[in-house]
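One structure is given here, and the rest of the page talks about it.
The values are calculated or read from the model by the stated rules, or taken from the named source; none is laboratory data. Worth saying up front: this structure is predicted, and the values here are computed from it rather than measured. Glycine also receives a Cβ, built like all others from the backbone with ideal geometry; neighbour counts cover every protein chain displayed. Remember, those area values only see protein heavy atoms, side chains included, never the ligands or the DNA or RNA. Shrake-Rupley method; radii C 1.70, N 1.55, O 1.52, S 1.80 Å.
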Amino acid sequence: MASFGMVGLDWQERINWDRMRKYRLERAREKMKAHGLGAMLLMYDENVRYVTSTLTPGWNRLKPGLRYAMLCGDDPPVLFEQGDIGHQIERHSPWSPKENVRWSYAWIKGAAGPASLQQVKKFTNAIKQEMKKSNVAGTKLGVDFIDINMIKIFEEEKINWSDGMTAMMEARAIKNVDEQEALRMVGAIGDGAHWEFMKFLEPGRTENQLTAHIMEYLYNIPGMEDVEDVIVSSGPNTWPNWRNFSDRIVKPGEIVFMDLAALTWNGYKSCYYRTYCAGKEPTQEQKDIYATALKWLYDSIKAVKVGATTKDIASKWPSAKEAWGYAEEDQAAANLWGHGLGLAQYDQPVISRIWSLDHPLEIKEGMVFALETQHGKMLEWGVRIEEMLIVHKDRVEIISNFPVEQICVVDPMPGYSTLAGR
């Protein structure tokens with residue numbers, strides 16, 4: 001049972017962060033060895049965090065090489081932090097051995113220009129030193145990121161490198177009890193954000209005003225680190241789903257949906273759509289379209305169980321041709337969709353008719369993912385809904401609890417819905 005308390009207490013154990021840190025590190029090590037890797041070089045922030053439990057600041061994300069980590073054999077992870085920030089790591093993250101905090105050698109995706117190769121040489125020498133120190137020199141090095149500069153220097157230095165991202169994806173796919181509790185908290189925050197959106201939504205407000213309001217709401221929550229996006233779309237922006245926001249004014253009676261795309265609480269992320277109608281009851285056609293999308297969603301949720309596959313789930317959805325007359329499934333990418341949630345918004349499994357029918361993955365206990373469906377009328381209006389869930393041994397726990405049974409009607413004007421054709 002979730003306590004939904006946000007801070008640590010001496011009288012109640014909530015999330016056991018120490019247990020979580022140890023679980024993640026050892027799971028990464030287990031998968032590293034299972035894939036025949038002697039060491040892993042981790043440059044994506046979700047993987048660095050998974051093994052070191054240190055925070056990548058927002059300005060540092062999507063810039064592989066500013067900070068990175070290595071996991072070598074059975075030794076503790078080594079963190080290469082930017083510049084002298086390592087002194088703050090020593091202060092804030094005492095579980096990281098002081099002697100295992102280094103400074104990084106960055107080339108900023110090539111922005112260092114002709115100095116990039118020089119920096120990658122220093123970077124590679126440091127990697128070799130760590131592998132030698134841990135007695136794994138000459139073994140296969142798993143990497144989660146590679147660029148043209150690394151390929152060149154790795155070849156010169158005879159680094160035996162291979163895919164390390166698959167090992168990390170497999171590690172991150174199964175959440176322990178503490179990660180599950182963190183994701184319940186994410187769901188509860190999402191519930192509150194949708195309630196706040198419902199109260200703030202009204203005709204005359206713009207999509208960006210609605211987005212800004214929810215951003216402010218979220219950043220006032222303790223433990224909130226980042227909000228990757230709050231998607232607010234209205235009217236014709238809802239179909240096809242633009243997945244964005246603008247300065248468009250919401251008019252009376254329009255469909256609006258809001259998605260909490262990766263609110264990030266203590267590293268763990270959301271994805272959580274709900275559909276609203278501003279100022280009037282939706283039409284019967286809109287209700288019917290919503291009922292169809294809801295059926296698609298819950299049919300797929302009912303297919304989720306330990307031992308089932310992503311094919312079983314994706315098979316519950318119609319083809320892109322059946323639903324919208326599209327020639328290929330890729331034309332409807334993410335319209336009927338599922339994706340793992342954790343330190344990244346795309347952990348395994350990712351579920352789609354594009355690939356799940358031919359390349360199924362097994363659903364396992366401890367997986368946490370979102371399922372989402374949508375439907376609508378071209379360039380007029382559309383609906384989208386999404387649930388987040390935890391897979392248990394004998395059941396599925398839904399952790400998104402804002403009402404979903406029908407379109408959420410906000411402040412309907414008496415009599416407005418009786419005007420035909422509006």
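Here the Karplus relation 6.51 cos²θ - 1.76 cosθ + 1.60, evaluated at θ = phi - 60°, turns the backbone of the range 218-231 into coupling constants of 5, 6, 8, 8, x, x, 6, 9, 6, 10, 4, 6, 10, 8 Hz, with x for every Gly and Pro.
When peptides 286-299, 195-208 are sorted by average Cβ neighbour count within 10 Å, with the highest value leading, the order is 286-299, 195-208. Accessible area per residue for the chain, computed on protein heavy atoms with a 1.4 Å probe, is 45 Å².
For the range 118-199, the alpha carbon convex hull comes to 163 Å³ per residue, rounded to a whole number.
Loop-located GluC sites (Glu not before Pro) across the range 261-330 with a Cβ neighbour count of 12 or fewer within 10 Å are Glu328, with loop assigned by DSSP.
Shown is the FRET efficiency for Asp84 and Asn176, computed with R0 = 30 Å from the Cβ-Cβ distance and rounded to the nearest 0.05: 0.35. In the range 263-365, Cα pairs under 8 Å separated by at least six residues give a relative contact order of 32 percent. Full extension of the chain segment joining Lys128 with Met215 gains 27.0 nm, where the gain is 0.36 nm per residue of separation less the Cα-Cα distance. With respect to the chain, whose longest principal axis is taken over its alpha-carbon atoms, helix 284-302 is tilted by about 40°. Restricting the trypsin sites (Lys or Arg not before Pro) of the range 112-191 to loop positions (DSSP other than H, G, I, E, B) with no more than 15 neighbouring Cβ atoms within 10 Å leaves Lys158. Rounded to the nearest Hz, the phi-derived 3J(HN,Hα) couplings of the range 357-373 under the Karplus curve 6.51 cos²θ - 1.76 cosθ + 1.60 (θ = phi - 60°) are 5, 9, 10, x, 10, 6, 7, 10, 4, x, 6, 10, 8, 10, 10, 9, 9, where x marks glycine and proline.
Say the cut-off is 31 Å between C-alpha atoms; which of Lys31/Lys152; Lys109/Lys132; Lys251/Lys302; Lys33/Lys305 go over it? Correct reply: Lys251/Lys302. Compared with the direct C-alpha span, the chain from His359 to Asp288 gains 22.3 nm at full extension, assuming 0.36 nm per residue.
Pair-distance distribution P(r) for the chain, from all Cα-Cα distances in 20 Å bins starting at 0: 25, 51, 22, 2 percent. Considering only Cα atoms, the convex hull volume of the range 169-236 works out to 119 Å³ per residue. Atom-type composition of the exposed protein surface of the chain places 52 percent of the accessible area on carbon and sulfur (1.4 angstrom probe). What is the list of residues in the range 68-92 whose amide nitrogen lies under 16 Å from a point 7 angstrom out from the Cα of Ala112, following Cα to Cβ? Backbone N within reach: 68-69, 80-84. Neighbours of Asn244 by Cβ distance under 12 Å: Lys/Arg scored +1, Asp/Glu scored -1, total -2.
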